[in-house]
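The values are calculated or read from the model by the stated rules, or taken from the named source; none is laboratory data. Keep in mind it's a predicted model, so treat the numbers as computed, not measured. Note that we place each Cβ from the backbone using ideal geometry, even for glycine, and neighbour counts take in every protein chain shown. Ligands, DNA and RNA are excluded from the accessible area calculation, which covers all protein heavy atoms including side chains. Shrake-Rupley method; radii C 1.70, N 1.55, O 1.52, S 1.80 Å.
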Amino acid sequence: MSASSLSWDQAVLQPPVCDAWKEIMEGAAYQLASCIVLLGYMGGSGIFGSLYIFGLLAPGYFCYALWGWLSACGLDIFVWNMLLVFACLLQLAHLAYRLRRDTIPEEFDLLYKTMYLPLQVPLEVYKEIVKCCEEQVQSLVRDQNYAVEGKTPIDRLSLLLSGRVRVSQDGQFLHYIFPYQFLDSPEWESLRPSEEGTFQVTLTAETDCSFITWPRKKLYLLLRKDRYVARLFSSHLGYDISEKLYSLNEKLFAKFGLRFDIRLPSLYHVLGAAAPSLSPSFAVGLLLRSIFFFLPAAPRNPGRWARAVVIFLRKSGRVEA
C-alpha cells in the first residue's frame with residue numbers, strides 16, 4: 001500500500017489531536033465573515049431568496065479572503081474565498097438579468113394578477129399576449145369617443161384597464177363598461193375573420209380611461225398559431241358577453257314593446273333592419289326561443305351560451321319571415 005493511501009487512512013480514521021487550543025481568537029474579519037455567512041444561509045427560496053443568499057455570501061467570503069490574506073497568511077485561503085466571491089457575483093448578475101427580463105409594466109402586471117393568474121396562465125404565455133398588443137397602454141380623455149356607430153370599423157379588440165365607458169345607440173344610453181371588461185366583445189364575436197363591419201353603437205369615455213388594444217389581424221394570427229391562447233380568449237370573450245347580457249340595466253324598447261340587447265349587432269339586424277319583414281310575434285318568439293333554448297346550459301358554461309345566442313341570432317337574421 002502506498003504512502004499516500006496510508007496518510008489518507010490516518011487522516012480519516014486516526015485524525016491528529018490538537019495538543020493545545022489557541023488562547024487568542026481569530027481577528028474581527030473572521031468573526032464578521034462567519035456572522036454574514038450564517039445570515040446568508042437563512043435566506044428563502046425563489047429569485048428574491050436567492051438574491052438575499054448570494055448578496056450576503058459574497059461579502060462574507062470576501063471577509064474570509066481578507067482574514068486569510070492579513071491574519072492567517074494563507075494564500076490558498078485567500079484564493080479559494082476570492083473564487084467563491086466571484087461565483088456569488090456571477091449568480092447575482094444572472095439573477096438581476098432574470099428579474100429585469102421578467103419585469104412587466106405595472107398596468108400589465110395588475111392585469112395579469114386580476115384576469116390571468118386566477119386561471120393559472122403561465123407568465124410566458126401572458127407575455128405573448130402582451131407582445132401582440134405591443135405593450136402599449138392607450139388612453140381616452142373624458143367625452144372622447146372610442147367608436148362611433150355606423151362609422152368606426154371593427155378592426156381591433158380592446159380591454160378597458162381604468163375608467164368608465166358609456167355605450168349608447170341612437171343617442172340612448174345602453175349600459176356602462178367597467179375596468180377589465182372588453183370594449184367590443186360583441187362586435188368581435190359577431191364577425192368571422194374574413195368579414196368586415198362597423199360599430200352599431202357609440203362608445204364614449206365618461207372619465208379619463210386607459211385601455212389596451214389588439215389589432216384584429218395580428219390577434220387572429222396569434223389565435224391561429226396558439227390553440228391555448230385561442231381557448232383563453234374564447235373563454236374571456238364568452239364570459240364578457242354573458243356578463244353584458246346578464247347585467248344590462250338599461251335597454252332600448254323595440255317598437256313592439258320587447259326589451260333586448262340592441263348592442264349585439266346581429267340582434268340589431270334581426271329586430272331593427274329586418275323589422276319590416278318580421279312580424280312582432282315572430283321577432284318575440286325568435287328572441288325567446290334563442291334565450292330559453294340555451295338557458296339551461298348557461299349556469300354551467302355562460303361563455304358558450306352567450307356565443308351560441310350570438311351565432312343563433314346571426315343565422316336567424318338570414319331567415320325570411
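Remark: for residue pairs LYS131/LYS217; LYS131/LYS218; LYS113/LYS244; LYS127/LYS218; LYS113/LYS217, the C-alpha separation exceeds 18 Å in LYS113/LYS244; LYS113/LYS217.
Go through 169-175, 157-163 and give me the packing order, highest mean Cβ count within 10 Å leading.
Values: 169-175: 14.3, 157-163: 20.0.
With the highest mean Cβ count within 10 Å placed first, the list reads 157-163, 169-175.
In the context of the full protein assembly, TYR220 retains an accessible surface of approximately 40 Å², using a probe radius of 1.4 Å and ignoring ligands and nucleic acids. Restrict the search to the range 112-171; then list the trypsin sites (Lys or Arg not before Pro) that DSSP places in a loop and that have at most 10 other Cβ atoms within 10 Å of their Cβ. Within the range 112-171, the qualifying trypsin sites (Lys or Arg not before Pro) (loop, at most 10 other Cβ atoms within 10 Å) are LYS151. Using the Cβ-Cβ distance between ARG100 and LEU70 with R0 set to 45 Å, the FRET efficiency works out to roughly 0.75. Couplings 3J(HN,Hα) of the range 85-92, computed from phi: 4, 4, 5, 5, 5, 5, 5, 5 Hz, in residue order, whole Hz [Karplus 6.51 cos²θ - 1.76 cosθ + 1.60, θ = phi - 60°; x for Gly and Pro].
Tell me, in nm to one decimal, what length is gained between TYR52 and ARG227 on full extension, where the rule is 0.36 nm per residue of separation less the Cα-Cα distance? Walk me through the intermediate numbers first.
Numbers: separation 175, 0.36 × 175 = 63.00 nm, distance 3.91 nm.
That pair, TYR52 and ARG227, stretches by 59.1 nm at full extension.
Once backbone amide H atoms are built at 1.01 Å from N, THR207 has ASP143, ARG164 as its partners under 5 Å, excluding neighbours fewer than 5 places away on the same chain.
Computed from the C-beta positions of SER234 and ALA87 and an R0 of 51 Å, the FRET efficiency is 0.60 to the nearest 0.05. Close amide H pairs (under 5 Å, H built 1.01 Å from N) link THR198 with ILE154, residues at least 5 positions away or on another chain. Cβ-Cβ distance of LYS113 and ILE77, R₀ of 45 Å, FRET efficiency by 1/(1 + (r/R0)^6): the value works out to about 0.40.
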